[in-house]
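J.: Sharing a structure below in structure tokens format, with a few things to ask.
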Amino acid sequence: MNTVTYNLTASAFEWKIAETKTIKARGFNKTIPGPVLKASKGDTIIVKVKNELTAPTIIHWHGVRLEASMDGTSITQQPIQPGKEFEDRFTLPDAGTFWYHSHHNETEQMEKGMYGALIVEDPADPVFDGEKIFMIDDMKLNSNGSFKTGNPVTRWVERHDGREGDTLLINGKENPVINIAGGQTERWRFINASSARYFQLYLGGRKFRIIGSDGGLMQKAEETDRVLIVPGERVDIIGGPFSEGEIIAIESLPYNRMTFVKAKRRKYATIIAGQPQPSVAVIPDSLRNIESLASTDTPVNRKVKLSVGPSLKHGIDFLVNGDVHTHDAPVEVGQLQVWEVSNTSLMDHPFHLHGFFFQVIEENGKGVENVKWKDTVNLPPRSKIRIAWMPDNRPGKWMYHCHILEHHEAGMMAHFEVVSPAQVPAISDHALACHN
Ligand SMILES: [Cu+2]
């Protein structure tokens, strides 16, 4: 177990997304995405964050099972004021593909580039010839590269659909060319960092194997020719082997999430396979054993309903259990949680739980095979899932929310507390007070 230290400086800078296109970005260490932070499972990571923006910011470590005090939301931490610094310090209990992003005024700060990858390795991971990280994003820009602000109508569409832009980015670049040697088998880690865009990965019809989800490796690989990756979500696949000269477009197939603006098939990047290199990759059939936390018979102890409702002020509000920015009841350390999460609205929502992994054990009444660890899961319109998760001994204030940033901002989120058994009565009073 080592201690690894990184410095992240948040600032405004000019960023070239293409040869002739420069934007006024916000980001970390003057790159989009910010630097890749790497550590091994069990390590302690120290990240010294300096804020050189003119606005406050705060960093959320998406997917990391850390202490509530490091979760990077304004209910657990004070935002870092301009000119100030904050030292994040936590251990990394899980290997997998994680990421960090601003959790303050996200609809602006994340849109402008304040995100990066956090990769946690495990010596027991399968052996690959290499690894690539693909951070998916899109930006809504004017022709001069400035960020579109829009008029009341487009802003209303943005509130409803979430903000999508026509500038598609992989690792901060528009339509990059990415090289891989022929014959190589790599681990490709996809992270959807966009505000609202659904990315349905497609490699020109080639079959590929999915090996990892939000919470690291899955039990066994799943073969497919496409996979939906919603905002906040991560998917690891096996990339390659390709033959020399092969050209592979990384595309997104249209996915209709019931928005006003309809999705189209779009290209994000081009992979070119070069001269072959010998492969040392060894990927076993059984990747990991994951025990189910619950069965479909385990009683539900909480219902979470995502919906929309009319709003006099905004036209539409985004709700959890009928309310905006809800306070949900506390959960007790060590008590298995089985939540029924439903979406009664007519559009999709990616549900994200902070600080804990869950398992989806049932989808629309059907049990799920090959359970995986998740922290973000899509709910199509009128769908219902059951998730199971265990609040381990990390009491404090946590939240769950829709990861379409505009929906989160418009109210589709809830705070709740994880409490030690002795704390329960006092906290219940507090939760009641919050409801009144
Ligand atoms: Cu939503």
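J.: With all protein chains present, how much of the accessible area of the stretch 337-400 (probe radius 1.4 Å) comes from carbon and sulfur, to the nearest whole percent?
T.: Working: 1000 of 2050 Å².
Carbon plus sulfur share of accessible area: 49 percent.
J.: Normalising by the residue count of the stretch 217-342, find the relative contact order in percent from Cα pairs under 8 Å and 6+ residues apart. Spell out each step's value before the answer.
T.: Working: 129 pairs, mean separation 27.8, N = 126.
So the answer I get is 22 percent.
J.: Ranked from the most accessible area to the least, with a 1.4 Å probe and all protein chains present, what is the order of K207, K374, K16?
T.: Per-residue accessible area, sorted high to low, gives K207, K16, K374.
J.: Compute the separation of the alpha-carbon centres of the stretch 321-356 and the stretch 155-194 and state it in Å as a whole number.
T.: 28 Å
J.: May I pose another question? If you roll a 1.4 angstrom probe over the protein chains with everything in place, what fraction of the accessible area of the stretch 84-143 belongs to carbon and sulfur, to the nearest %? Please report the intermediate quantities before stating the final value.
T.: Numbers: 860 of 1930 Å².
In the stretch 84-143, the share of accessible area belonging to carbon and sulfur is 44 percent.
J.: Let me ask something additional. Rounded to the nearest 10 Å², what accessible area does M258 show when all protein chains are kept and the probe is 1.4 Å?
T.: Estimated to the nearest 10 Å², M258 gives 90 Å².
J.: Using 1/(1 + (r/R0)^6) with R0 = 45 angstrom and r between the beta carbons of D285 and N364, what's the FRET efficiency to the nearest 0.05? Don't jump to the answer; show the numbers that get you there.
T.: Working: r = 29 Å, r/R0 = 0.65.
Using R0 = 45 Å, I get an efficiency of 0.95.
J.: So, one more: Arrange the peptides 378-385, 296-303, 403-410, 65-72 so that the one whose residues have, on average, the most other Cβ atoms within 10 Å appears first.
T.: The densest-packed peptide leads the list: 403-410, 65-72, 378-385, 296-303.
J.: Past 26 Å, Cα to Cα, is the threshold; run K21/K207; K38/K372; K84/K397; K305/K374 against it and keep the listed order.
T.: On the way: K21/K207 34 Å; K38/K372 23 Å; K84/K397 24 Å; K305/K374 19 Å.
Pairs exceeding 26 Å: K21/K207.
J.: Hey, any idea what % of the stretch 224-333's accessible area is carbon plus sulfur with a 1.4 Å probe? Provide the component values of the computation, followed by the final result.
T.: Numbers: 3030 of 5810 Å².
Carbon and sulfur together cover 52 percent of it.
J.: A further question on this structure: Rolling a 1.4 angstrom probe over the protein heavy atoms, how many square angstrom per residue are accessible across the stretch 40-168? Let's see the in-between values first.
T.: Working: 4840 Å² over 129 residues.
Averaged over the residues of the stretch 40-168, the accessible area is 38 Å².
J.: Considering the chain as a Gaussian network with a 10 Å cut-off on Cα pairs, which listed residue, R26, R209, R189, attains the greatest mean-square fluctuation?
T.: It is R209.
J.: First check a/c for the chain, with a ≥ b ≥ c the square roots of the eigenvalues of its C-alpha gyration tensor; if it is under 1.5, answer rounded, and if not, answer prolate when a/b is larger than b/c or oblate otherwise.
T.: Rounded, since a/c falls under 1.5.
J.: What number comes out for accessible area per residue over the stretch 276-344 if the probe is 1.4 Å? Units Å², please. Before the final figure, lay out the partial values.
T.: Values: 3890 Å² over 69 residues.
Ligands and nucleic acids excluded, the figure is 56 Å² per residue.
J.: When the chain is fully extended, how far beyond the present Cα-Cα distance does E14 get from D225, taking 0.36 nm per residue of separation?
T.: Working: separation 211, 0.36 × 211 = 75.96 nm, distance 3.69 nm.
Going from the current span to full extension adds 72.3 nm.
J.: Looking at the stretch 1-150, send over the antiparallel percent of its DSSP beta bridges, to the nearest 5. Numbers along the way, then the final one.
T.: Working: 28 of 41 bridges.
Here the share of antiparallel DSSP bridges comes out near 70 percent.
J.: To the nearest 10 Å², what's E246's accessible area with a 1.4 Å probe?
T.: Taking all protein chains as shown, E246 has close to 50 Å².
J.: Rounded, prolate or oblate: pick one for the stretch 239-312, where a ≥ b ≥ c are the square roots of the eigenvalues of its C-alpha gyration tensor, a/c under 1.5 means rounded, and failing that, prolate if a/b is larger than b/c, else oblate.
T.: Numbers: a/c = 5.40, a/b = 1.39, b/c = 3.88.
Cα axes put the stretch 239-312 in the oblate bin.
J.: For D297 and K148, FRET efficiency with R0 = 41 Å and r from the beta-carbon atoms, rounded to 0.05?
T.: Working: r = 50 Å, r/R0 = 1.23.
With a Förster radius of 41 Å, E is 0.25.
J.: How much of F147 can a 1.4 Å solvent probe reach, expressed as accessible area in Å² and rounded to 10?
T.: Answer for F147: close to 30 Å² accessible.
J.: Report for the chain the percent antiparallel among DSSP-assigned beta bridges with both residues inside it, nearest 5. If you can, show how the numbers build up before the last one.
T.: Details: 95 of 129 bridges.
If I count the DSSP bridges inside the chain, around 75 percent turn out antiparallel.
The values are calculated or read from the model by the stated rules, or taken from the named source; none is laboratory data. Given the structure is predicted, the values throughout are model-derived calculations rather than measurements. Virtual Cβ from ideal backbone geometry, glycine too; neighbours counted across all protein chains shown. These area figures cover heavy atoms from the full protein model, side chains too; ligands, DNA and RNA do not enter into them. Shrake-Rupley method; radii C 1.70, N 1.55, O 1.52, S 1.80 Å.
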